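*Asks:* Dumping the structure here so I can ask a few things about it.
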Amino acid sequence: MARPPLLSLQDIALTFGGTPLLEAASLQLAPGERIALVGRNGSGKSTLLKIVAGLVTADSGQRFVQPDATVRYLAQDPDLSAYPTVLDYVLSGLAEGDDQHAARATLEALGVDPDAAPGPMSGGETRRAALAHALAPDPDVLLLDEPTNHLDIAAIAWLEQHLKERRKSLVLISHDRRFLEELSTAVVWLDRGKTYRMDKGFAAFEDWRDEILAAEEEERRRLDKKIEAEQEWVRYGVTARRKRNMGRLRKLQALRTERREQRKATGLADMQLAGAERSGKRMIVAKGLTKSFGDRTVVADFSTTIMRGDRVGLVGPNGVGKTTLINLLLGRLKPDAGTVTYGVDLKVNLLDQRREALDPTTPLRHAISPSGSDQITVGDTTKHVAGYLKDFLFTPEQFNTPVGALSGGERMRVLLGRAFAMPSNILVLDEPTNDLDLETLDLLAEVISDYDGTLILVSHDRDFIDRTVTTTLVAEGDGTWSEYPGGYSDMLVQRGEAPVRAIENAGKPKKAKDTKDARPSTAAAAPAKKGKLSFREKHDLETLPARLEELEAAIARLSDALADPNLYARDPARFEKLTNDLSTRQAEKDAAEERWLELEMKREELEA
């Protein structure tokens, strides 16, 4: 017999402005169930969670919570100003009979001083205090929106284990794939205002989602065929009979309206990195680096050699000195002892992930192109700023929006867009995954793996590290740094600290492609497992032939125009524009052909 839900939402609708944010959203949470609430940035996940918490009222629909159930919501921007200490703030959330010691223990586990005054606390410390405020009372229902933000890997691991041991219910929003896989028992996918439920953990989500999207694509294809058939009748049938069948014309118009208003799945960001001229094989050689601040040693006698094509990940608690080590390696900070030598022609691109680096009053189009030009160059390709913004999932209506009005994920996409347009052979990314949705994280991992330069990455996302780095540097404390071949799971195996799951997955192939110069992992590689084409691969395989025909036609038109022997003398500017356009179209055609051939070969292998 099914257990009655602790809480439920039914047919929730909510509109802000024009397009409905939520149209038919539902959610049921049973005792002990842990639901991962997933969806693209801006899909309405946080709003739906606030409706669950009773903080936002829907336009229509039903909300029910069991009368005796206690519900706690993780506040995004808590106000601690009324409390003398952080502990007092957390204690204020406890009810009579709750364990008073849990408040201090939870704060200490999350790395927050319970006796600290709230005033000088950083945003990250305030966020962790809010997490302790939600966790300490041990409520029946816990609603967590991005709980791992501002947590280092040790704190994430503690939170993960703590939530596993609880026998209470949980609704969780997170972009940390490993965190979701370890905790969820069910998934609710919010997509274009509607919810879809899967009664399995997040590990099964992507295949299930792809099946739904493929079914939608097939339905759109059938609808297009119906429209084509009706249009054929309009062209020839009406004339043949010399009489208009107004019923069929109205049916055609209805089909067109349905097709036009059908809300398609949001596309993926189209990212690519601008490479620079290749440098020497040795990029950075550090010997005996030491750096202290007062009595605290951050780096002690550290040596390493970073080669061209290496992907180096830095792992350690917040404040341990990851940024300091990067600045020492890049020559931005002078060591107390030791030396750093560099290869030739180094071009470093450092992603400054501090969002305050973006002027909140600057329009989006100028933030992505600070020079104010309408053209932006990425590698060998010149794009219009509008097209480049579309690659990063911005709509034309947003082009003149001030950066300050964008969401956290959108601002991070702006920073990535600016960084990727800069030529480099060393790419340094400091927490690039903050606020990015799962699909964009996947694409970012692919882009990084295709980058032909050297990567230095700081991240607390264990799955992202596993998919992108070939070497992991771990802070051991007291300025000591240890180097391990492979990603995060490989490092755990080598240290003998890996849980069973990490050991089992350590040898599996990464989702992103390994680079040619990647250092081999010490973990044994498992045999590749036959899979299937993803939804995006199927879509590309079906649409690329038509795209190739379009490009070939465009190339033919441009070639015909350039065949005029008097064009350059008559109009040099037009000749240059046509030449540039021809080069761009040819490059696009070559890339499309290569992509189609790769997918066709993969399809044949899978069918065989």
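The values are calculated or read from the model by the stated rules, or taken from the named source; none is laboratory data. All figures in this text were calculated on a predicted structure; none of them were measured in a lab. Every residue, glycine as well, gets a Cβ built from its backbone with ideal geometry; the counts of neighbours run over all protein chains shown.
*Asks:* For the stretch 150-166, check the following and say yes or no: at least one residue is surrounded by fewer than 19 Cβ atoms within 10 Å (Cβ to Cβ), outside any loop (DSSP other than H, G, I, E, B) and of a type in the set (Lys, Arg).
*Replies:* So far as the stretch 150-166 goes, yes, one or more of its residues are surrounded by fewer than 19 Cβ atoms within 10 Å (Cβ to Cβ), outside any loop (DSSP other than H, G, I, E, B) and of a type in the set (Lys, Arg).
*Asks:* Still on this model: Given the criteria β-branched (Val, Ile, Thr), closer than 14 Å to Ala130 by Cβ and in the same structural domain as Val141 (by TED's automatic domain parsing), does Val71 qualify?
*Replies:* Considered against the rule, which asks whether it is β-branched (Val, Ile, Thr), closer than 14 Å to Ala130 by Cβ and in the same structural domain as Val141 (by TED's automatic domain parsing), Val71 comes out as no.
*Asks:* From the list Gly338, Gly331, exactly one residue is part of a loop (DSSP other than H, G, I, E, B), over 29 Å from Leu151 (Cβ atoms) and in contact with a strand residue (DSSP E or B) (Cβ under 8 Å, 6 or more places away or on another chain). Which is it?
*Replies:* Only one candidate passes the filter, namely Gly331.
*Asks:* Follow-up. Within the stretch 61-78, can you find the residues that are in a loop (DSSP other than H, G, I, E, B) and either aromatic (Phe, Trp, Tyr) or surrounded by 11 or more Cβ atoms within 10 Å (Cβ to Cβ) (or both)?
*Replies:* The answer is Gln66, Ala69, Thr70, Leu74, Ala75, Gln76, Pro78.
*Asks:* Restricting attention to the stretch 121-132, does a residue exist that is touching a strand residue (DSSP E or B) at 6+ places or on another chain (Cβ under 9 Å) and either crowded, with 16+ Cβ neighbours inside 10 Å or among the small types (Gly, Ala, Ser) (or both)? Before you say what the answer is, go through the steps one by one.
*Replies:* Step one: of the stretch 121-132, the residues touching a strand residue (DSSP E or B) at 6+ places or on another chain (Cβ under 9 Å) are 131.
Then keep just the ones that are either crowded, with 16+ Cβ neighbours inside 10 Å or among the small types (Gly, Ala, Ser) (or both); that gives 131.
Yes, because at least one residue in the stretch 121-132 is touching a strand residue (DSSP E or B) at 6+ places or on another chain (Cβ under 9 Å) and either crowded, with 16+ Cβ neighbours inside 10 Å or among the small types (Gly, Ala, Ser) (or both).
*Asks:* Based on this model, can you work out whether Pro545 counts as outside the structural domain of Gly294 (by TED's automatic domain parsing) and at pLDDT below 85?
*Replies:* Yes; evaluated as a whole, the condition is true for this residue.
Per-residue answers, yes or no, for (1) hydrophobic (A, V, I, L, M, F, W, C); (2) modelled with pLDDT under 80:
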| site | (1), (2) |
| --- | --- |
| Pro565 | no, yes |
| Ala569 | yes, yes |
| Ala573 | yes, no |
| Lys577 | no, no |
| Asn580 | no, no |
| Gln586 | no, no |
| Trp596 | yes, yes |
| Glu600 | no, yes |
| Arg603 | no, yes |
